[in-house]
Amino acid sequence: MKAVITVIGKDTVGILAEVSKECAKNNINIIEVTQSVLQDLFAMIMLVDISRSDIPLKQLSDNLTALGEKMNLKILTMHEDIFNSMHKI
């Protein structure tokens, strides 16, 4: 199973490191990462493998949301199937 993590906010040092650390802590493998910085706006999308995760997806989402609040970022986490359904034309 896969999930998509999106991160948006003001660019600061350590965003990728902190999100990656949360994934590693829960045995979640990062498959792909794309990120951009436009002036001072940071945007990142991660595709992660949650099949061996130590926690349920809801808990991961809550943890990352809390991390985002702590870092002044908006972090959303959703199952790949939901992401794909939302973006079908």
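Where a number appears in this text, it was derived from the coordinates with a stated rule and is not lab data. Keep in mind that what you see is a predicted model, and the values were worked out from it rather than measured. Cβ: placed from backbone, ideal geometry, glycine included. Neighbour counts: every protein chain shown.
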Residue list for the stretch 19-54, restricted to those being of a type outside the set (Ser, Thr, Tyr) and in contact with a Lys or Arg (Cβ under 9 Å, 6 or more places away or on another chain)
Asn27, Ile28, Asn29, Ile31, Asp40, Leu41, Phe42, Leu47, Val48, Asp49, Ile50, Asp54
Restricting attention to the stretch 4-37, which residues are surrounded by 14 or more Cβ atoms within 10 Å (Cβ to Cβ), of a type in the set (Val, Ile, Thr) and in a strand (DSSP E or B)?
Val4, Ile5, Thr6, Val7, Ile8, Ile30, Val33
Quick check on my filter: what residues within the stretch 38-50 are at negative phi and exposed (fewer than 11 other Cβ atoms within 10 Å of the Cβ)?
Leu38, Asp40
Quick check: anything in the stretch 61-68 under 18 Å from Glu80 (Cα atoms), loosely packed, with under 15 Cβ neighbours inside 10 Å and either of a type in the set (A, V, I, L, M) or in contact (Cβ under 8 Å) with a residue 24 or more places away in the chain (or both)?
no
